Structures are given as structure tokens and as C-alpha cells.
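Data block below; observations after.
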Amino acid sequence: MMRKIAPNARALRHPSCPASFACWILLALMTVISLPAYAAQAVATVSKTRVAVNEVFQLTISIDDSVSANALDLSVLDKDFHAGSPATSSRTSMINGVVTRQTEWRIALATKAEGQFTIPSFRIGATSTDPIVITSEQSSTQPLVEPDITISTEIDKQQLYLGESIRYTVRLMIGEQMSQATLVPPAGDGLEVKQIGEDRQAEPVLNGRRYLSITREYQITAHEPGQHQLQGAEFRGNVLKQGRGYGSTLRVPVEKQAGDITLDVKDIPPGYTGLWLPTEDLQLTQQWQPESDEIRVGDPITRLITLKMKHTEQSKMPNLSLDYPGSVKVYNEKPVYSTVNGYTLMTLKQVIIPREQGNLNLPSLTVNWWNTTTSQQETSQLNGLTLSVLPGDPLNNLALPQDKSTLGQPAFQVTHPAPEIINDTGWWPWLTALFAALWLLSTGLWLNARFGDKKNATPSARPVSGPTPLEGMRRAVQANHPIQAQMYYQQWRRHQGEHPLREQLEQAVNQMLAAHYQKPSDAGPADWSNHTLLSLIDSINQQRPKQKTQPKHHSVLEPLVPER
């Protein structure tokens, strides 16, 4: 009798049954393992739902999973809220063999205005948070607290002339912790704004609270006449705020702007003559070195002219020109600029060398300018100088090089080279005194050697030793004394006469003088090297004929022992 087998029994006894059973087990395990991921929930909470404007509260977002800190996009909050940097934390725990993971973000928030605002839903992976409605109001119990920051300005005057400069001062008092703070300068059409110097900072204590004080100055220059609106300086930055127990710092943007100012810019008055120089004060001073009514041909005279203008930029300083007579040679040094007590100083230095004897009249200097305080034209003047030029020593009659670039032009023309700031009167007065002392010393030695009393000399007396003209010229060149080197060259040329290298040596000496005393637009001392001049001096020294050996002078007494 045959037994009937149930279909399910056959399936269990089928050869493929073990494989199917394993598949069911694997599928069940995968379902259990992946269940926490599908079950992860994201939750958003706030510390309060009713706040005052700019009051800091906390938003917390958490998810029961381990995710990246960048998985949360907070940019949607920027429209209605000030949001701080999020503080992110992750933790993993195991209880009774069950592993749990959690990721949490904490963000400090503050509303920007009154009204109702919604914190939107945040999507993290496959889950999302619920939106939250925040009510922002101007609470009487917690009024709006403005940042403890003040800005104030001060200006010299609101009426000025075309081209005149005035000073605009900004003062900041900051009682908050700030980040990314900047100060935007004032601005206006037809006005040039330039910062003056560096900021001045201090930390005063007012009513028991410490502040940061910042003072900055600007120079305002008007380039167009008429009414001009000067927009006040503006302070921008972020105030750092952090609520109690909150894990992130909130950066609240703040802007403070000073009030606008209307400037009345007047045009050049009719009838004004000369170069337009509007300023509150202009001063001209000069010094002559040496201070004497007499001078010899070839002796240098130094003239220092100082121009001072109040609240004037270096680039606005005027060009000055002096027309010297053709009987003098003038060498100009670079103008030197400095700033003292609101004044811009320009110092001009000249070396004037007479080339002819007789009466010499050095020109005066006149500058017209407009006094913006009294609204009147004024004139500042420097007197010239009348000298009696006496004949000079032939050995010191300098053969000065001709400056071809100044032919047909005034002898003195000041341009605007790169500024050089110094605080002393320079080395030229000491150098002039040194040249004069060296000239007197060399002249005295030469006269003593030439016109000494030969009758008092004995056969055994030795001549006074001193440097030869070539050796003296070499020492002067190495010591960077151009006038003394030129004096030794004149001595050598007079005693040497014609020499094959005389023209080359004279050209090298002239190049040395031009390099040290040329106009600022030409090559300066830094562009000249003494290598060529020293090489020529060495070549001439090597070509000198050797002195013949003088015959021995026999004694007037015959030797006691006759020579054999």
C-alpha cells in the first residue's frame, strides 16, 4: 500500500531545501542589522520659543546614528536669524549588548526683527526634523540691547578752498568682543581721501568697564568747487555673543556709521596771481654756509632753503626755480621731505661755487600763496645775498664740468623725486668745514715747500715729506672727498704739463664731481664708481720715469788711509 506524501513534506526533503533555509536565515539577519538605520530619528528642539529681538537662544538637532558633521545644512537660517558656529558632538554607548550611537548639533540663534519666524525642517539622511515656530517681540522685561560701540567724528572746517586739505578725525569706543572689524573711510564726489599715519589705540576704563579706543585721521582734499556731500566713516564687524550653557559662539553683525557732512568748496578768487597754493600757513627759511660777505673763487657756498606748508601732502608741494648768474656753478641735491606737527617740510640744498672774481649777486626767492584763514593773498620771500668774490688760489681754481642738461634752463629747478625722510640737518656743513681745513693745510704745505728759506738749509737736512699730487688724489678719491681730489688733480696738471692720459684723467675727475653734485634727475653718487679713476692714477704712477741715481759726494777731507 502506497503512502501519500504531503507536498510540504516533499519540499522539506527536496535536495535544495537546505539552501533555501540558509537564505531565509541570512535575510532575517540583514533585516535585524539594518533595522536601527531605518529606525534612526532626527529631532530638533529649542531652549525657548518666545524671545526678544537679538536675544540668544539655543537650537539643538540630534539623530540616533553616527553621521558626518557636515550632514546638516544651516544656511537656511541666515534669512531670519543670526546663527553662530555649530558645536558638534558624537557618542557611542553599549547597554546590555545593545549598541547605540548619537550625533548632536548645538547652534546659538538670535532673531533679527520682531514677528513670527519658522525654523525649517532639516533633512539628515532618510529622516527629517519637524519645523519650529519662534515668536520674536520687543519685550518690556528684556529690552533690545544695542552693542556697546560708539563712533564720533571731527573735522577742521566745512568751508574750504579748491585744492585745500582739511583733517577728518574718527574716534571709536568699543566695549564688545569683536571679530572681523573694519573701518570704511569717508567718501564724496570731487573729494580725495587719504589716511594720515597709523591708528592710535588706548584702553580707557569708564564706569568700571574697559573699552578699546581707536583714533584714525584722514586728509580730505577738494578738487572741484561747489557743494559736496561727505559720507561719514562706517564701522563694520561681528559682535561675539554666547548664552549661558550654550555650546557655540554667536556672531551678530553690527554697523555703525557717522553722520554725513556738507562741504562748501570755494573756487580760486579772481585776481589771484602766481601758483595757486591754498593753505593755513606757509613759511620760508634759509641758511647760508659760511655766513660771510667775502669769498674766493673756487670756494663753495651752501644754501639751504626750507619750505613749510600746513596740512599739505608732499605731492602738492610746489616746484621752485631760481635763476643764478652764469659766473657761478650750482650743484643741487635731492629735496628732503619730513612731517612735523601737521606741517610738511621740504628742504632744498645747493652748493654754489663762484668761477669769477668781482661782485656776485645771488637771487632772492618769492612765493605767492593764499591764506585760507584770512582769505587773502600773501607773499613769502627769501632775500638774496651779495658777495665780493676775491681771486682764488690757482691750485684751487676748480675746472668744474659743464652740465649740458641745464644749458638754456634756470640754474636751479626742483622736481618731485622719491622722498627721503631725515630728522637732522645733514652732513654737508661738516663736509664743507673739512674741505676748507684740508685746503688750508695743503696750501700751507705747498707754500712751505716752495718758498722755504733755502739759506738755513744744511747739506744733511732732509726735505719736508708729503704726498705727491697723484698720491693725494688717490687718497681723496678713496676717502670720497671729490673737491680735495680735484684740487690735487689741478696740482698734478700744472706740474706735469702734457701727459698721454691727462684728458682721460680730467674726464674721470669731472665724472666724479658730476656724480656727487648733479641734479636729482641725473645720476647720483650711488651710480658712480671710483674704480676707473683709481686705475688711471695707478697707470700714471707706473709710467713715471725712475729717478736717476745721484753721484756720491766726496767728503771735503781726504781719507786718512789712502785707498788702494
Complete set of residues in the range 274-313 that are among the hydroxyl-bearing types (Ser, Thr, Tyr) and farther than 13 Å from residue 349 by Cα: 279, 292, 312
task: Can you work out which of the residues in the range 315-331 that are part of a loop (DSSP other than H, G, I, E, B) and not polar (S, T, N, Q) is surrounded by the fewest Cβ atoms within 10 Å (Cβ to Cβ)?
output: 326
query: Counting only residues that are modelled with pLDDT under 80, within 21 Å of residue 542 (Cα to Cα) and assigned to a helix (DSSP H, G or I), how many does the range 492-516 have?
result: 4
task: Output the residues belonging to the range 111-151 that are surrounded by fewer than 12 Cβ atoms within 10 Å (Cβ to Cβ), within 50 Å of the chain's Cα centre (by Cα) and either at pLDDT 90 or above or closer than 13 Å to residue 81 by Cβ (or both).
output: 113
- request: Scan the range 283-297 and give yes if some residue there is β-branched (Val, Ile, Thr) and surrounded by 14 or more Cβ atoms within 10 Å (Cβ to Cβ), otherwise no.
  value: yes
query: What about residue 26, is it modelled with pLDDT under 85, in a helix (DSSP H, G or I) and over 18 Å from residue 126 (Cβ atoms)?
result: yes
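Of the residues 76, 56, only one is at pLDDT below 85 and surrounded by 10 or more Cβ atoms within 10 Å (Cβ to Cβ); which? Give the derivation first.
Working: 76 fails: at pLDDT below 85.
Criteria check complete, one pass: 56.
Would you be able to tell me the number of residues in the range 196-214 that are surrounded by fewer than 13 Cβ atoms within 10 Å (Cβ to Cβ) and part of a strand (DSSP E or B)? Before you say what the answer is, go through the steps one by one.
From the range 196-214, those surrounded by fewer than 13 Cβ atoms within 10 Å (Cβ to Cβ) are 197-210; that's our starting set.
From what is left, the residues that are part of a strand (DSSP E or B) are 197-202, 205-206, 209-210.
Going through the range 196-214 one residue at a time, the tally reaches 10.
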statement: Of 232, 226, the only residue that is over 27 Å from residue 346 (Cα atoms), within 26 Å of the chain's Cα centre (by Cα) and of a type outside the set (Phe, Trp, Tyr) is 232
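Any residue in the range 243-256 that is more than 30 Å from residue 113 (Cβ to Cβ), out of contact with any Asp or Glu (no Cβ under 6 Å at 6 or more places or on another chain) and touching a residue at least 12 places away in the same chain (Cβ under 8 Å)?
Scanning the range 243-256, I find no residue that is more than 30 Å from residue 113 (Cβ to Cβ), out of contact with any Asp or Glu (no Cβ under 6 Å at 6 or more places or on another chain) and touching a residue at least 12 places away in the same chain (Cβ under 8 Å), so the answer is no.
So which residues in the range 61-88 are free of Cβ contacts under 8 Å to residues at least 24 places away in the same chain and not acidic (Asp, Glu), if there are any at all?
Within the range 61-88, the first condition is being free of Cβ contacts under 8 Å to residues at least 24 places away in the same chain, and the residues that meet it are 68, 70, 75, 78-79, 88.
Within the range 61-88, 68, 70, 75, 79, 88 qualify.
Is it true that some residue in the range 175-182 is assigned by TED's automatic domain parsing to the domain that holds residue 73, in contact (Cβ under 8 Å) with a residue 12 or more places away in the chain, more than 26 Å from residue 339 (Cα to Cα) and loosely packed, with under 13 Cβ neighbours inside 10 Å?
No: the range 175-182 contains no residue that is assigned by TED's automatic domain parsing to the domain that holds residue 73, in contact (Cβ under 8 Å) with a residue 12 or more places away in the chain, more than 26 Å from residue 339 (Cα to Cα) and loosely packed, with under 13 Cβ neighbours inside 10 Å.
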task: Run down 348, 362 and say which single residue is within 15 Å of residue 320 (Cβ to Cβ), more than 36 Å from the chain's Cα centre (by Cα) and crowded, with 19+ Cβ neighbours inside 10 Å.
output: 362
- line: For the range 310-328, the count of residues that are modelled with pLDDT of 90 or more and either closer than 19 Å to residue 287 by Cβ or basic (Lys, Arg) (or both) equals 3
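Go through the residues of the range 154-177 one by one and say whether even a single one is over 30 Å from residue 313 (Cα atoms), over 38 Å from the mean Cα position of the chain (by Cα) and not basic (Lys, Arg). Let's see the steps before the verdict.
Let us first name the residues in the range 154-177 that are over 30 Å from residue 313 (Cα atoms), namely 174-177.
Going one step further and asking which of them are over 38 Å from the mean Cα position of the chain (by Cα), we end up with none.
No - not one qualifying residue is present in the range 154-177.
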message: So, residue 243, is that one at pLDDT below 90, crowded, with 16+ Cβ neighbours inside 10 Å and not in a strand (DSSP E or B) or not?
response: yes
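The values are calculated or read from the model by the stated rules, or taken from the named source; none is laboratory data. Owing to the predicted nature of the structure, the values given are computational and were not obtained by experimental measurement. Neighbour counts are summed over all protein chains in view; Cβ atoms, including those assigned to glycine, are modelled from backbone coordinates with ideal geometry.
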